[in-house]
Each structure stands twice: as C-alpha cells, then as structure tokens.
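These notes concern the structure reproduced below.
The values are calculated or read from the model by the stated rules, or taken from the named source; none is laboratory data. Keep in mind that this is a model prediction, so the values were computed, not measured. With ideal geometry, Cβ positions are generated from the backbone for all residues, glycine too; neighbour counts draw on all protein chains shown. Each accessible area value is taken on the protein alone, full model and side chains, heavy atoms only, with ligands, DNA and RNA left out. Shrake-Rupley method; radii C 1.70, N 1.55, O 1.52, S 1.80 Å.
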Amino acid sequence: SDQIRKFQIRSDQIRKPNYVSDINPSKESWKIIVRVTHLWHVPSYNNPSELHSIELVLMDEKASIKRSMIMTYRNLLNEGESYTLMTFGVGLNSGDYKPTSHAYKIF
C-alpha cells in the first residue's frame, strides 16, 4: 500500500514577508528576507577575548544579535548571504552609533 505523508504547514511558513522599511514596534510577528552586506564581531569592553555582540548590516539597515544568542549564530551567518528572519524584537534606533537612519532597529 502507498503511504501518504501528511505535512503540517505552520502559519509563519506561508506568511508573506514584510519590508524592512515597515518594521516598527506595533507588532511582534515580523518576517523579513534580508542579505547580510556586512558582519563584524564586537569584543567585550572589559574582556577583549570575550565576544560582546555580532553586528550586521542588512542591505541598508542594522541589526544586533542578543548576547545570549551570539554563540548560536556566530558560525551560521555570512556576509553576502540571504536569510529569512522571524521572531525578533523591534526598538527605537537610539544611541550614539547609528549606521542607518531608520527609526527602528531589530534585535
């Protein structure tokens, strides 16, 4: 007898991607497709041998990876590659260092 495979499609798999320019803190469920145009590691201020963050320029926007997730993503992200990002936070793009003029940043 033929086996029939059943596939469960999650709503986030069929959700259309959002534009980076549309990102704001009004919702928690975003899906963007981006290219990492530049990636660099930022050492800890107090311990330069420890990694503090991974900074990314996504096409023309910037994102940081949370400190708790650095080791997870350190060897998975590459400059020039494209990624689909979901489940991230959005906050005001404030502070002295802002490589983009976008009002918000993702984290």
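Some values worked out for this structure:
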{"quantity": "Selection within the stretch 1-29 - out of contact with any strand residue (DSSP E or B) (no Cβ under 7 Å at 6 or more places or on another chain) and at pLDDT 70 or above", "calculated": "16, 19, 21, 22, 26, 27, 28, 29"}
{"quantity": "Candidate set from the stretch 38-60 (those that are open to solvent by 60 Å² or more (accessible area, probe 1.4 Å) and in a strand (DSSP E or B)); member that is modelled with the lowest pLDDT", "calculated": "38"}
{"quantity": "Scan of the stretch 71-107 for residues that are more than 18 Å from residue 17 (Cβ to Cβ), among the charged types (D, E, K, R) and assigned to a loop (DSSP other than H, G, I, E, B), ordered by number", "calculated": "74, 79, 96, 98"}
{"quantity": "Pick from the stretch 15-27, criterion in contact (Cβ under 8 Å) with a residue 24 or more places away in the chain and assigned to a loop (DSSP other than H, G, I, E, B), ranking: least open to solvent (accessible area, probe 1.4 Å)", "calculated": "23"}
{"quantity": "Those residues of the stretch 79-106 which are in contact with a strand residue (DSSP E or B) (Cβ under 7 Å, 6 or more places away or on another chain) and of a type in the set (Val, Ile, Thr), in sequence order", "calculated": "84, 90, 100, 106"}
